[in-house]
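Contents: one structure, followed by commentary.
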Amino acid sequence: MYGLIWRILPGPWISKFIMALGLLAGTAALLWFFAFPAISPYMPFNDGAIDVGGAGGGAGAEGATDSGEAPVTSDAPEETETTE
């Protein structure tokens, strides 16, 4: 296909090269400004897999879990500082 485009462009190789660069830049601009924005609502790239709506907690009792279970507590004695 690129060979066909190269043969269709008129002039010596330097003018063909400049026109080929212009065609490439024009195609990229059309895709960038028209095609990609038109199809972006249909692409899944911005769909997050993580629901961050409830992240951070802050509501409810401290240490409570979403499953309704009681928070896990340790049976180890608490360390206290002694001053001498």
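The values are calculated or read from the model by the stated rules, or taken from the named source; none is laboratory data. Being a predicted model, the structure only gives us computed values, none of them experimental. Virtual Cβ from ideal backbone geometry, glycine too; neighbours counted across all protein chains shown.
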Search result, residues across the stretch 39-64 that are surrounded by 10 or more Cβ atoms within 10 Å (Cβ to Cβ) and either modelled with pLDDT of 95 or more or over 30 Å from TYR2 (Cβ atoms) (or both): GLY57, GLY63, ALA64
Residue within the stretch 9-21 that is at pLDDT below 70 and charged (D, E, K, R) present: no
Residues satisfying the stated conditions in the stretch 1-12, i.e. over 36 Å from the mean Cα position of the chain (by Cα), surrounded by fewer than 10 Cβ atoms within 10 Å (Cβ to Cβ) and of a type in the set (A, V, I, L, M, F, W, C): LEU4, ILE8
